[in-house]
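So the structure is just underneath, and the comments pick up after that.
Taken together, the values in this text are just the output of simple stated rules run on the coordinates, not laboratory data. Please read all numbers here as calculations on a predicted model, not as lab measurements. Ideal geometry is used to build each Cβ from the backbone, glycine not excepted, and the neighbour counts take in all protein chains shown.
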Amino acid sequence: MPHVVIPVLNEAAALPALLAGMPPGYTAVVADNGSTDGSGDIARRSGAIVVEEPARGFGAACWAGLLAAKPDDGVVCFMDGDGSLDPFDLLQVAAPVLAGTSDLVMGARRPTVAGAWPLHARMANRFLALEIRRRTGRKLADLGPMRAARRDDLLALGIEDRRFGWPLEMILRAAAANWRIDELPVPYFPRTGRSKVTGTVSGTMRAVRDMSRVLAT
């Protein structure tokens, strides 16, 4: 069954419920990116595989988790570790990849309450989705923090970004490789604890800067 890469930086408040909610057979791979709140220990006690990645960066954590994930069926999922996504939705996101009908499936976020996805973050996401459409012709609504693909295929893409440009670069490289890319709606909840990226204007701007560098290459 799939392995689920979860990059984390100080997500102790969200991890217990998130890991307890993993679908049966799905193995969590927590990529701890330098947490100081015991996130790694919480994940270990919950039965997750934990890999430590001291080099700071969202992409660095995702890459470390991808290398550590070795599922028998070859499928790897990704999701945020902040409690904003329901791990049970991994079943529908991973299903087309497991069935061989898609190469990359992303969960398009649908906010469950006002404020779950702040306006500044939605606007940045909309701009990037339009840019993806302009460059690749793929009509995507979201960069999709929950996604699934085959591990060996992801490694072969040669994703280079190790910061917040990682999700965007994956899509651009997958489109260039003529992957079958699909999108499914998933509910998006208010995160647990303090936001470090989409919940703050400064965090969103950092992500946009990193993704702009990817677009410039």
Exercise. For the chain, what is the calculated [θ] at 222 nm in deg cm²/dmol (nearest 500), taking -39500 (n - 2.57) for each run of four or more DSSP H residues and dividing by its residue count?
Worked result: -12000 deg cm²/dmol
Exercise. Each label point is 7 Å from the Cα along the Cα-to-Cβ direction; what then is the distance between the points at residue 189 and residue 134, in nm?
Worked result: 3.7 nm
Seminar exercise, completed: Rounded to one decimal in Å, the inverse mean reciprocal Cα-Cα distance for the stretch 8-70, i.e. its Kirkwood radius, is 11.6 Å
For this session: Could you check which residue among 129, 64, 156 shows the biggest mean-square fluctuation in a GNM of the chain with a 10 Å Cα cutoff?
Result: 156
Exercise. Which cross-chain or sequence-distant (5 or more) residues have an amide H under 5 Å from the amide H of residue 28, H modelled 1.01 Å from N in plane?
Worked result: 4, 49
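Let me make sure I get this right: for the stretch 52-105, a, b and c are the square roots of the gyration tensor eigenvalues over alpha carbons, sorted descending. Under 1.5 in a/c it's rounded, otherwise prolate if a/b > b/c, else oblate. Which is it?
Cα axes put the stretch 52-105 in the oblate bin.
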For this session: When you have a sec, figure out the Kirkwood radius of the stretch 49-138 from all distinct Cα pair distances and drop it here in Å to one decimal?
Result: 15.7 Å
For this session: Using +1 at the Cβ of each Lys and Arg and -1 at the Cβ of each Asp and Glu in the stretch 3-216, identify which of 136, 174, 90 lies farthest towards the dipole's positive end.
Result: 136
For this session: Specify which residue in the list 30, 50, 107 is farthest towards the positive end of the charge dipole of the stretch 3-216, using unit charges on the beta carbon of Lys, Arg (+1) and Asp, Glu (-1), about the Cα centre.
Result: 107
Seminar exercise, completed: Treating every alpha carbon of the chain as one equal point scatterer without solvent, the Debye formula yields log10 I(q)/I(0) values at q = 0.11, 0.14, 0.16 Å⁻¹ of -0.46, -0.79, -1.08
Exercise. If you project the alpha carbons of the stretch 83-201 onto their three principal axes, what span does each projection cover, largest first, in Å?
Worked result: 36, 29, 25
Exercise. So how far apart, in nm, are the two label points at residue 95 and residue 44 if each is 7 Å from Cα heading toward Cβ?
Worked result: 3.7 nm
Exercise. Hey, got the dipole for the chain? About the Cα centre, +1 on K and R Cβ, -1 on D and E Cβ, debye to the nearest 20?
Worked result: 780 debye
Exercise. Under a 5 Å amide H to amide H cut-off, with H placed in plane at 1.01 Å, what residues pair with residue 109 once short-range neighbours are removed?
Worked result: 144, 186
Seminar exercise, completed: For the stretch 15-26, Karplus-derived ³J(HN,Hα) couplings (6.51, -1.76, 1.60; θ = phi - 60°; whole Hz; x for glycine and proline) come out as 4, x, 5, 4, 5, 5, x, 4, x, x, x, 8
